[in-house]
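Single-structure report; data block below.
The values are calculated or read from the model by the stated rules, or taken from the named source; none is laboratory data. Everything numeric here is computed off the predicted structure, so don't read it as measured data. Quick reminder, even Gly has a Cβ in these numbers, built from the backbone with ideal geometry, and neighbours come from all protein chains shown. All accessible areas refer to the heavy atoms of the entire protein, side chains included, with ligands and DNA or RNA removed. Shrake-Rupley method; radii C 1.70, N 1.55, O 1.52, S 1.80 Å.
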Amino acid sequence: IWYTVFENNTASVGGGIRSEQGTSSIHLVNCTAVHNYGSVHGGFACLFGSDTALENCTFEDNSAPYGGAVLWRNASGQAVNCTFSNNYAKYGGAIFNQGYLSFNNCTFFNNLAYKKGGDVCNSAGSGYKVDVNNTSVNLDYVEAESETEEKCHKYAEMIAKAVIDALREVSGMQGMAL
């Protein structure tokens, strides 16, 4: 799939694209995925197939409980020269991985997960792996559904403090309460 914009799509699994088990050779080149939603997982895409490639693509403002932009399950794939920004999920703000992935020259910024994996969440399990080359990414492992609430609250407090500090700096209100 070349030069395609996927915008404002909604589905339970893969808001814009869903591949089935056994699917192979899915390649997206110079595509943009914006404002897509997956109510179960994969805000933009849920990829079950092997030999999946994302090249020169942008993923922005997508959301789902698992994998704000993409959920990779039992799949092998790579992302090259892609940008993942402002995606949101419970686990894996941009990516939730249950497969083998590599990221080369990708940019991740401002992705948010309210449980684990602001950028990428790699599910604990045999054979799940992420290789990262020349890419800035936050990689977390989910070990169980029972993530402690204390960690979530500390993360929320950290984000709130950063936002308040930024607002104070922009408005010139250092030392003043907001």
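Results for (1) open to solvent by 80 Å² or more (accessible area, probe 1.4 Å); (2) at pLDDT below 85; (3) over 24 Å from Glu60 (Cβ atoms), shown as yes or no for each residue.
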residue	(1), (2), (3)
Gln98	no, no, no
Cys106	no, no, no
Ala124	no, yes, yes
Tyr128	no, yes, yes
Asn134	yes, yes, no
Glu147	no, yes, yes
Gly172	no, yes, yes
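Looking at segment 1-52 only, could you name the residues that are more than 12 Å from Arg73 (Cβ to Cβ) and among the charged types (D, E, K, R)? Hits for segment 1-52 are Glu7, Asp51. Considering only segment 1-9, I want to know if a residue exists there that is in a loop (DSSP other than H, G, I, E, B), open to solvent by 50 Å² or more (accessible area, probe 1.4 Å) and of a type in the set (A, V, I, L, M). Scanning segment 1-9 turns up at least one residue that is in a loop (DSSP other than H, G, I, E, B), open to solvent by 50 Å² or more (accessible area, probe 1.4 Å) and of a type in the set (A, V, I, L, M). From the list Thr83, Thr52, the one residue that fits, being within 19 Å of Thr135 (Cα to Cα) and surrounded by fewer than 19 Cβ atoms within 10 Å (Cβ to Cβ), is Thr83.
Evaluated against (1) of a type in the set (A, V, I, L, M); (2) more than 16 Å from Val130 (Cα to Cα); (3) open to solvent by less than 40 Å² (accessible area, probe 1.4 Å); (4) at pLDDT 95 or above, Ala113 falls short on exactly one condition, (4). So which residues in segment 23-49 are farther than 14 Å from Ala64 by Cα and open to solvent by 10 Å² or more (accessible area, probe 1.4 Å)? Those that are farther than 14 Å from Ala64 by Cα and open to solvent by 10 Å² or more (accessible area, probe 1.4 Å): Thr23, Ser24, Ser25, Ile26, His27, Val29, Asn30, Thr32, Phe48.
Of the residues that sit in segment 21-40 and are part of a strand (DSSP E or B) and either at pLDDT below 90 or among the hydroxyl-bearing types (Ser, Thr, Tyr) (or both), which one is farthest from Val132 (Cα to Cα)? So the residue we want is Ser39. Looking only at residues that are touching a Ser or Thr at 6+ places or on another chain (Cβ under 7 Å) and surrounded by 24 or more Cβ atoms within 10 Å (Cβ to Cβ) in segment 86-95, which one is nearest to Asn36 (Cα to Cα)? Applying the filter and picking the extreme gives Asn87.
Restricting segment 10-20 to residues that are hydroxyl-bearing (Ser, Thr, Tyr) and part of a strand (DSSP E or B) leaves a set whose member that is most open to solvent (accessible area, probe 1.4 Å) is Thr10. Residues that are open to solvent by 10 Å² or more (accessible area, probe 1.4 Å) and either basic (Lys, Arg) or assigned to a loop (DSSP other than H, G, I, E, B) (or both) within segment 60-78 comprise Asp61, Arg73, listed in sequence order. Considering the conditions (1) more than 12 Å from the chain's Cα centre (by Cα); (2) not in a loop (DSSP other than H, G, I, E, B), Lys90 is excluded by exactly one of them, (1).
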